[in-house]
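Data block below; observations after.
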Amino acid sequence: MATEATGGGLEFHPMDQFIVKPLFGAGEVHWYTPTNVTLWLALTALAAIALLVLGTRGRAIVPNRAQSMAEMAYGLVYKMIEDISGKDGLRYFPYVLTLFMFVVFANLLGLLPMAFTVTSHIAVTGVLAMAVFLGVTAIGFIKNGTHFLDLFWVRSAPLAVRPILAVIEVISYFVRPLSLSIRLAGNMIAGHAVIKVFAGFAAIAAVAPVAIIAVVGMYAFEVLVAFVQAYVFTILTCVYLKDALHPSH
Amino acid sequence: MFSLLQEAAHTAVETTEGVVVHDEAAHGADAATHGVDAAGHAAEAAGLPQLDIATFGNQIFWLVVTLVVLYLVLSRIALPRIASVLSDRQGAVTGDLMAAEEFKQKAKEAEAAYDKALADARSEAQAIVAQNRAEIQAELDAAIAKADAEISARTAESEARIREIRASADESAREVARDVTAQLVASFGGNADDAAVSAAVEDRMKGAVQ
């Protein structure tokens, strides 16, 4: 950004890493323009494919490392759906695994230096969350018809309290996509911005060692956060799927 | 975290305004360069690039493309493959376990057969030993009986001979006594007839030789 002030001293641009830029040239960002988002989305998909497709091409009974990891990811998500959503949730296993692999690789690749974190954008996480929300709602109505509305009508509660509970349930239901998307994007933005701020302090010789240690510590923490947030996103998807498949409390 | 969101919400309003301005600018002036400047300016003014709605279409489009590609590749290639690998492994493990169970059963049977053979052999050996012992005992008894018979025969024979020897010795002693007596009587100037000498010797011998 040439127009930014460049006159000496400390400069903090912790949010510049999130700017969406065209990959080639400096034109306007149209909906079809290949941007840094496109690049890192593609790398995310390629990384997931590399692990799950190339990693398992040996089809070995005794797996090598890559195949072990692929099987571990598969087993993790499979077991999650089976435990939380039940056996009938396994129909949606491919989509849930796609979500998990996408989010976990987007988060981890975003931690590479100079990388762009696609999951730090509300637009991206919002689409992921809305896809889950709309998909789960559709499944709920298709599988259970109007019985899906039992989700909001708590039969175990006293009759007088039910309308109030219904309002709360409806609000909490519609907040789901918002919390799902903002939780993920917020975690990513905050972590990356904090790392950037610490990195900015590293320019001052006096505090540089502290800043660098802080960057290292934050980075390690962010690796954990990257995985945990992908896990949380997936597990909440499974919980919502369970509500759609078995709406009665 | 919460304050960040508040800030985000605050700047969202600004962004929308900025975008509206930018849209007007883009519509008003067809010159591309002007539009680019305005877009760049809007992006910087937003503060948080996440809230720059101008890039949303781009991100959503490419995200959907990525997700569709990823979904197709995973559901068509990766998942069936991993599922088949896992079920193969499950099958292999189950098969191996069953084979192991079978081998274990076989080993048990073999052990039982071995034990049975061992017991049979032992009892047979004992039977043979008992039979042999009985045979040997019988032979031994026969030999002992024979030896006893021989011993008693020899003993009888020996006793007969001893008796004979003793009798002859008795007779010899009488003879000597008679002769000595006759000689003694003769040397004392007597005249002893045989009958008297014999009677005297017999008389003396009764107490001595018995």
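Per residue, the convex hull spanned by the alpha carbons of region A:101-227 comes to 138 Å³. Remark: region A:234-248, residue by residue, has Karplus-estimated 3J(HN,Hα) of 5, 5, 5, 4, 5, 5, 5, 5, 4, 4, 6, 7, 10, x, 5 Hz, where x stands for each Gly or Pro and the curve is 6.51 cos²θ - 1.76 cosθ + 1.60 at θ = phi - 60°. Between the alpha-carbon centres of region A:78-97 and region B:129-147 there is a gap of 88 Å. P(r) tail for chain A, what percent of Cα pairs lie past 25 Å? For chain A, the share of Cα pairs beyond 25 Å comes to 55 percent.
May I have the count of lysine pairs in chain A with C-alpha atoms under 28 Å apart, counting pairs 8 or more residues apart or located on different chains? Lysine pairs meeting the criterion: 7. Among A:Y92, B:Y71, A:Y240, the order of accessible area from largest down is B:Y71, A:Y92, A:Y240, computed with a 1.4 Å probe on protein heavy atoms. Across A:A123, A:A203, A:A157, mean-square fluctuation computed from a Gaussian network of chain A (C-alpha pairs under 10 Å connected) peaks at A:A157. A 1.4 Å probe, protein heavy atoms only, puts the accessible area of A:D88 near 70 Å².
Relative contact order of chain A, taken over Cα pairs closer than 8 Å and 6 or more residues apart, is 27 percent. Put simply, the amide H of A:T35, placed in the peptide plane, has neighbours under 5 Å in A:L23, leaving out anything fewer than 5 places away on its chain. Across region B:50-64, computed HN-Hα scalar couplings (Karplus, 6.51 cos²θ - 1.76 cosθ + 1.60, θ = phi - 60°) run 4, 9, 7, 5, 4, 9, 4, x, 4, 4, 5, 4, 5, 5, 4 Hz from first to last residue, x flagging Gly and Pro. Counting only other chain Cβ atoms within 10 Å of each residue's Cβ, the peptide B:47-53 averages 6.
Listed by chain and number, the lysines whose C-alpha is less than 17 Å from the C-alpha of B:K106, apart from same-chain residues fewer than 8 away, are B:K116. In the elastic network of chain A, a GNM with C-alpha springs shorter than 10 Å, the most mobile of A:H192, A:H30, A:H121 is A:H30. In terms of accessible area, using a 1.4 Å probe and ignoring ligands and nucleic acids, A:E169, B:E164 rank largest first as B:E164, A:E169.
The values are calculated or read from the model by the stated rules, or taken from the named source; none is laboratory data. Please read all numbers here as calculations on a predicted model, not as lab measurements. Virtual Cβ from ideal backbone geometry, glycine too; neighbours counted across all protein chains shown. These area figures cover heavy atoms from the full protein model, side chains too; ligands, DNA and RNA do not enter into them. Shrake-Rupley method; radii C 1.70, N 1.55, O 1.52, S 1.80 Å.
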